[in-house]
Amino acid sequence: WSLVNKIVETLKTNQGRNNLPCLGADGIERKHLEPTKFSFWMANNAPFTEAERLSLLKMNSTLERLVFINKAVQKLTAEPDFICCSLCRSRFTSVTNVFTVGGAEGSTSTYVNDHGYIHQITTLRSVNTRRIAFEGRPCTHNSYFPGYSWQITRCRRCASLLGWKFEKVGKRNRTNLDATDRPDTFFGFMSSNVVRHGG
């Protein structure tokens with residue numbers, strides 16, 4: 001329990017910054033604080049790569065998962081990492097802008113488009129749009145996020161495909177939950193085309 005409490009305290013004082021889940025009023029429920037459930041909740045909601053997430057889920061020991069998670073949380077709260085283009089290393093945003101869209105299963109999720117292509121996408125609240133080029137017009141057809149249009153994004157420096165800009169369509173009346181979990185605009189970058197790089 002002491003390791004869970006240490007992680008929880010770090011998350012509470014972090015208040016959702018540095019790409020970590022928030023434990024505020026709309027964050028984790030109290031029942032998830034049981035060590036085993038909490039370790040799986042963190043494996044799903046913290047900003048781990050797919051390889052890290054699979055490694056966590058393969059661990060047989062709750063303690064082993066919690067030690068791994070604690071080290072990751074300490075690192076993420078200590079270092080200001082950036083999300084960068086995997087080819088030219090152009091910086092787009094801080095990892096503090098990674099978040100989980102309401103209804104998604106985590107900050108990095110896998111989606112399949114209507115042509116059968118599989119994309120692992122990390123969702124970002126905001127990016128430096130001066131470093132992004134937009135391609136085509138916004139479209140709602142087959143959006144990964146219902147209620148949002150999508151538009152292709154590329155790195156302005158090297159033209160590498162990054163992912164998509166998602167913009168809410170229709171009425172913008174929203175609850176407080178919508179304001180944080182379903183913003184008017186956000187970005188979804190393919191995990192294969194961006195890297196996390198230290199400041």
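Overview of values
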{"quantity": "Enclosed volume per residue, in Å³, of the convex hull spanned by Cα atoms of segment 95-153", "calculated": "101"}
{"quantity": "Kirkwood Rh, Cα atoms: Rg over Rh of segment 76-119", "calculated": "1.07"}
{"quantity": "At 1.567 mPa s and 4 °C, Stokes diffusion of segment 64-199 via Kirkwood alpha-carbon radius, µm² per second", "calculated": "82"}
{"quantity": "Contour minus Cα-Cα distance for A133 and S61 (0.36 nm per residue)", "calculated": "21.4 nm"}
{"quantity": "For segment 60-199, accessible area per residue (1.4 Å probe, heavy atoms of protein chains only), Å²", "calculated": "53"}
{"quantity": "Cα→Cβ-extended label distance, 7 Å offset, between Q151 and R125, nm", "calculated": "2.2"}
{"quantity": "Packing rank of 5-12, 82-89, where each peptide gets the mean count of other beta carbons within 10 Å, highest leading", "calculated": "82-89, 5-12"}
{"quantity": "Under the Karplus curve 6.51 cos²θ - 1.76 cosθ + 1.60, θ = phi - 60°, whole-Hz ³J(HN,Hα) for segment 41-55, x wherever Gly or Pro sits", "calculated": "4, 5, 4, 7, 9, 7, x, 8, 5, 4, 5, 5, 4, 5, 4"}
{"quantity": "Estimated FRET transfer efficiency when R0 is 30 angstrom, pair C88-D181 (beta carbons, to 0.05)", "calculated": "0.40"}
{"quantity": "Taking the C-alpha atoms of segment 51-102, convex hull volume expressed per residue in Å³", "calculated": "116"}
{"quantity": "³J(HN,Hα) computed for each position of segment 190-195 - Karplus, 6.51 cos²θ - 1.76 cosθ + 1.60, integer Hz, glycine/proline x", "calculated": "5, 4, 6, 10, 10, 10"}
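The values are calculated or read from the model by the stated rules, or taken from the named source; none is laboratory data. Since the model is a prediction, treat every value here as computed from it, not as a measurement. Here the Cβ is made from the backbone with ideal geometry for all residues, glycine too, and neighbour counts use every protein chain on show. Each accessible area value is taken on the protein alone, full model and side chains, heavy atoms only, with ligands, DNA and RNA left out. Shrake-Rupley method; radii C 1.70, N 1.55, O 1.52, S 1.80 Å.
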